[in-house]
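The values are calculated or read from the model by the stated rules, or taken from the named source; none is laboratory data. Quick caveat: nothing in here was measured; it's all calculated off a predicted structure. When we count neighbours, we look across all protein chains shown, and the Cβ atoms used for this are built from the backbone with ideal geometry, even at glycine.
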C-alpha cells in the first residue's frame, strides 16, 4: 500500500500461485498496482498538490488578506479524491474482495475524508474573508487580483446584495447625506464605511530562506530574518516576503 498524492493506494494481493484473482474490479486493482509501481520521483510529484494545498491553508488562516488562489492544487486534489472514491466503490462492491482489503479500504476512506476536510476548510476560510471584506473587494479590480473567477463573481454579487439590504432596511429612512455606504472618514482610514484587511495585524512567520535584515518600523529597529527562525511581526512588514514565498505564515 503506497502513497498516491497524499492518499493511500490499493495493491492487489497475489495468490499463492503468483496470479491475480479475476473479478469485476480487476481494472481498478491493476490501476492501483500501476500506481504502486510508479517511480519514486513520480510519487513525490503526485504528493505535491496535497502538500501545496496544506501550506496554502495554513497561510490563508494566518493572513489578514486573501492570498493568491491555489486553483491548480485544488483541481489536482479534487481529481485525486474522485480517483480514490472510484477505486473504493469498485472494490467495495466486489464480492470477491478479501477481508484484508476491506481494512485497507477503511484506511483509504479515512485519508480521503482528511483531504475533503482540508479542502472544505480552505474554501470556507477564503469565503469568510470575501464576505467580511466584500465592499472593499468591490471598490477596485486590483483588490480582487488574488481571487478566482468564481470568487470575483461571488464577491461582487454579495456586495450588491448587502448594499440592497442595507438600503431597503435602513438607509431609505435616513437623510440623503447619510445614505452613503462608501463614505471615508476625514484624517485617515479609521472610521471609514468600507473596511479592508488589517495589514498591521501581527502574524507568526517562519523563514524559509535567509531574508537579511528587515525594517520593522519602530524607530529604525530591524530584525534579522535567518533561515528556519520564527518571528512575530506586522503583516505589512513581511507581506512582500509572503508573496515571494521566502517566509511561511504559521
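Is it the case that the stretch 228-248 has a residue that's over 18 Å from residue 129 (Cα atoms), touching a residue at least 60 places away in the same chain (Cβ under 8 Å) and touching a strand residue (DSSP E or B) at 6+ places or on another chain (Cβ under 6 Å)? Within the stretch 228-248, one or more residues are over 18 Å from residue 129 (Cα atoms), touching a residue at least 60 places away in the same chain (Cβ under 8 Å) and touching a strand residue (DSSP E or B) at 6+ places or on another chain (Cβ under 6 Å). Restricting the stretch 195-220 to residues that are more than 22 Å from residue 61 (Cα to Cα) and touching a residue at least 24 places away in the same chain (Cβ under 8 Å), the residue that is nearest to the chain's Cα centre (by Cα) is 211.
Do we have residue 196 as at pLDDT below 80 and within 21 Å of residue 139 (Cβ to Cβ) here? So residue 196 does not fit the description; no.
The residue that is farthest from the chain's Cα centre (by Cα), among those in the stretch 139-176 that are over 13 Å from residue 129 (Cα atoms) and assigned to a loop (DSSP other than H, G, I, E, B), is 175. Of the helices (runs of 4 or more DSSP H) lying entirely inside the stretch 1-113, those containing at least 1 residues that are modelled with pLDDT of 65 or more, surrounded by 13 or more Cβ atoms within 10 Å (Cβ to Cβ) and touching a strand residue (DSSP E or B) at 6+ places or on another chain (Cβ under 6 Å) are 40-62, 71-92.
Does the stretch 204-233 hold any residues that are under 23 Å from residue 66 (Cβ atoms) and surrounded by fewer than 16 Cβ atoms within 10 Å (Cβ to Cβ), and which are they? Across the stretch 204-233, the qualifying residues are 204, 206, 208, 232.
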